[in-house]
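The values are calculated or read from the model by the stated rules, or taken from the named source; none is laboratory data. Computed from a prediction, not measured in an experiment: that's the story for all the values here. We place every Cβ from the backbone using ideal geometry, glycine too, and count neighbours over all the protein chains shown.
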Amino acid sequence: MKLCIALDNPTLEENLALVDSLRPLGNARSHIWLKVGLRSFIRDGIYGIEALKKYGDYRIFLDLKLYDIPNTMLGALKEMYKIGIDMLTIHTSCGFEAMRAIANLKAGYNDFPLIVGVSALTSFDDLGFEEIYNAKLFSHTLKLSSLAYNAGISGVVCSVEESLAIKRATDKHFLTITPGIRPFNESTDDQKRVATLQDAKIAQSDFIVIGRPIYKAHNPLQVVEQILNETMNE
Ligand code: C5P
């Protein structure tokens, strides 16, 4: 299980200071991926990613949750490839045709980033999800995940609650990336489907995504150390 730290700070300097504070972790940093999301990418763009890469050999997860027609998504992905990132997100609700086209594009490269599809945002509960999609959250998440698997993309972003069922419905190697993690039962904030590290382990999550419990902590290094102690042997 790898740790993705969501770098959603209000300034680039704070993101860089957080990453710099992880230096004492030494080789254990190879278990950490840095997640650059909408806030940081809109503000800092490619320059921000280049700046992060100077702090160590981190993998970069670009979380822009793309959702558009196939032609526009393919164009965006070709541009993203040039940035030199390791994983990126699309929305599975962009449909089978778009995901299949993206999987075909990836197949043409040796070093294309992992592409993972958001199933249902972890900020949705059953009611909020049904309001928008007119479908049951759990079964629809499984349906979107199977579609993504059959289209040939690398995995899905889901909650811990769905991770194991998705692997059973697809393949154990189909990646599950799980935000909504509150490692030690911290405040849930706007997340509705939350889970602890222990839950994530049981659910065979491949990547846990953690933002506020780390970047809002008094001592982020200590929190990351505790998380790695619980997850690194996975
Ligand atoms: O601060 P917190 O730990 O809740 O951050 C979770 C991160 O994961 C945020 O950057 C959010 O954009 C992202 N994310 C999510 N739910 C998804 C996909 C991504 O919370 N389904």
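For the list (1) assigned to a helix (DSSP H, G or I); (2) within 17 Å of the chain's Cα centre (by Cα); (3) free of Cβ contacts under 8 Å to residues at least 12 places away in the same chain, I need the number of the one condition that Phe129 fails.
(2)
Residue pairs, Cβ under 6 Å, 6 or more apart or interchain, first in the range 157-178 and under 23 Å from Lys35 (Cα atoms) and in a loop (DSSP other than H, G, I, E, B), second within 12 Å of the ligand (Cβ to nearest atom) and basic (Lys, Arg). List them.
What qualifies is Ser159/Arg193.
Considering every residue within the range 104-113, establish whether at least one is outside any helix (DSSP H, G or I), at pLDDT 95 or above and under 20 Å from Leu38 (Cβ atoms).
Yes - at least one qualifying residue is present in the range 104-113.
Just for the range 109-125: of the residues that are away from the ligand (no atom under 12 Å from the Cβ) and touching a Phe, Trp or Tyr at 6+ places or on another chain (Cβ under 8 Å), which one is nearest to Thr92 (Cα to Cα)?
Pro113
State the number of residues belonging to the range 69-106 that are farther than 20 Å from Ser146 by Cα and either among the polar types (S, T, N, Q) or in contact with a Gly (Cβ under 9 Å, 6 or more places away or on another chain) (or both).
So the count comes out to 2.
From the list Ala51, Ala28, Ala76, which residue is at pLDDT below 95, more than 15 Å from the ligand (Cβ to nearest atom) and among the aliphatic types (A, V, I, L, M)?
The match here is Ala28.
Identify, please: which residue in the range 159-186 is out of contact with any strand residue (DSSP E or B) (no Cβ under 7 Å at 6 or more places or on another chain) and basic (Lys, Arg) and is, among those, nearest to the ligand (Cβ to nearest atom)?
Arg182
Among (1) within 15 Å of Lys2 (Cα to Cα); (2) more than 9 Å from the ligand (Cβ to nearest atom); (3) outside any helix (DSSP H, G or I), where does Asn229 come up short?
So the condition that Asn229 fails would be (3).
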